[in-house]
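J.: This is the structure I have questions about; it appears just below.
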Amino acid sequence: MDIRAIAMGLAFAVMWSSAFTSARLIVTVAPPVTSLALRFLISGVLGVLIARMLGQSWRLTPRQWRATIIFGVCQNALYLGLYFVAMQTVEASLAAIVASTMPLLVGLASWAVFGEKIGPMGSVGLLAGMVGVAIIMGTRLQGGADLFGVTLCVLGVIALTFATLAVRGATSGGNFLMVVGLQMLVGAAILGTIGAATETMEVDWSWRLVIAFLYTTLIPGLAATLVWFRLVNRIGAVKAATFHFLNPFLGVAIAAIVLNEKLGPWDILGVMVVTGGILAVQLSRQKAAS
């Protein structure tokens with residue numbers, strides 16, 4: 001792995017982890033589902049336009065259309081939709097930690113469903129990750145965390161795990177950015193319909209809201225996706241996924257700095273254990289793939 005790949009991986013991890021903090025700033029002052037639908041509409045249109053400028057085609061393969069629909073529904077509408085609703089009451093740091101368990105769930109499901117070998121280190125990593133999540137969940141729930149909101153986060157990360165497994169390899173054949181842009185438009189259509197039916201447009205306008213919305217639309221929404229696909233093309237999906245081990249720490253750190261969310265010693269211990277578990281699982285999968 002060269003220096004450029006490492007820089008791209010670090011940039012992706014920071015952008016992905018910061019999304020929870022910017023989302024928290026939005027959903028506390030604006031309708032969450034409608035806000036997310038607008039974000040996907042803007043990101044999707046920009047993604048499609050950039051893809052066309054790069055010469056990418058509207059004509060996707062059947063597997064790419066499958067990926068577009070599954071990701072549009074499961075990742076954008078379900079995962080992020082549930083998260084945006086949940087984060088009205090759930091702190092950004094806790095939401096980031098729950099979302100960061102996705103590599104653990106993918107590793108567990110890959111072993112259970114597809115028979116993928118993860119080895120002793122991967123097994124220890126899965127166990128450690130679960131223990132770390134249990135430590136954090138127990139501490140937060142005892143401290144008054146909203147159980148309904150946490151449940152929505154858990155359901156959201158399960159939906160993302162399903163989408164990740166269901167479309168393995170489905171983005172092969174080029175047109176990566178076109179697939180990403182179209183799946184965002186799928187999410188925008190679904191969430192826009194739900195938002196129009198269930199929410200009222202009550203917005204507490206401020207410069208923080210505008211900056212947070214622009215940031216989450218352009219940086220985690222579009223730039224992180226572009227960096228991720230370039231990283232995957234450069235070093236492969238398994239090696240690129242190793243950078244997910246940074247997400248628990250970065251998600252918690254960014255929320256603490258920007259939102260002044262408090263962290264206790266058990267939170268810190270849990271984050272360290274989850275981080276180590278994710279790294280162990282990803283390194284084990286990388287070794288098995290090689």
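J.: I'd like the full set of residues that are over 13 Å from LEU283 (Cβ atoms) and loosely packed, with under 10 Cβ neighbours inside 10 Å, limited to region 115-126.
T.: Result: GLY115, single match.
J.: List the pairs whose first member sits in region 98-117 and is closer than 17 Å to ILE135 by Cα, whose second member is surrounded by fewer than 16 Cβ atoms within 10 Å (Cβ to Cβ) and aromatic (Phe, Trp, Tyr), and whose Cβ atoms are under 6 Å apart, counting only residues at least 6 apart or on separate chains?
T.: none
J.: I would also like to ask the following. For region 91-145, name all the residues that are outside any helix (DSSP H, G or I) and modelled with pLDDT under 85.
T.: First pass over region 91-145, keeping only residues outside any helix (DSSP H, G or I): 91, 100-101, 115-118, 143-145.
The answer is SER100, THR101, GLY115, GLU116, LYS117, ILE118, GLY143, GLY144, ALA145.
J.: Are there helices (runs of 4 or more DSSP H) fully within region 210-290 with at least 1 residues that are among the hydrophobic types (A, V, I, L, M, F, W, C), at pLDDT 80 or above and closer than 25 Å to VAL124 by Cβ? List them. Show your work before the answer.
T.: Values: elements: 224-235, 237-241, 247-259, 265-289.
Hits in region 210-290: 247-259, 265-289.
J.: In region 1-39, which residues are assigned to a helix (DSSP H, G or I), under 11 Å from PHE84 (Cβ atoms) and hydrophobic (A, V, I, L, M, F, W, C)?
T.: Across region 1-39, the qualifying residues are ALA19, PHE20, ALA23, ILE26, VAL27, VAL33, LEU36, ALA37.
J.: Something else: Keeping to region 213-252, report how many residues are within 23 Å of LEU185 (Cα to Cα), surrounded by 23 or more Cβ atoms within 10 Å (Cβ to Cβ) and small (Gly, Ala, Ser).
T.: Number of matching residues: 1.
The values are calculated or read from the model by the stated rules, or taken from the named source; none is laboratory data. Keep in mind the model is a prediction, meaning the values are calculated, not measured. Every residue, glycine among them, receives a Cβ derived from its backbone with ideal geometry; neighbour counts consider all protein chains shown.
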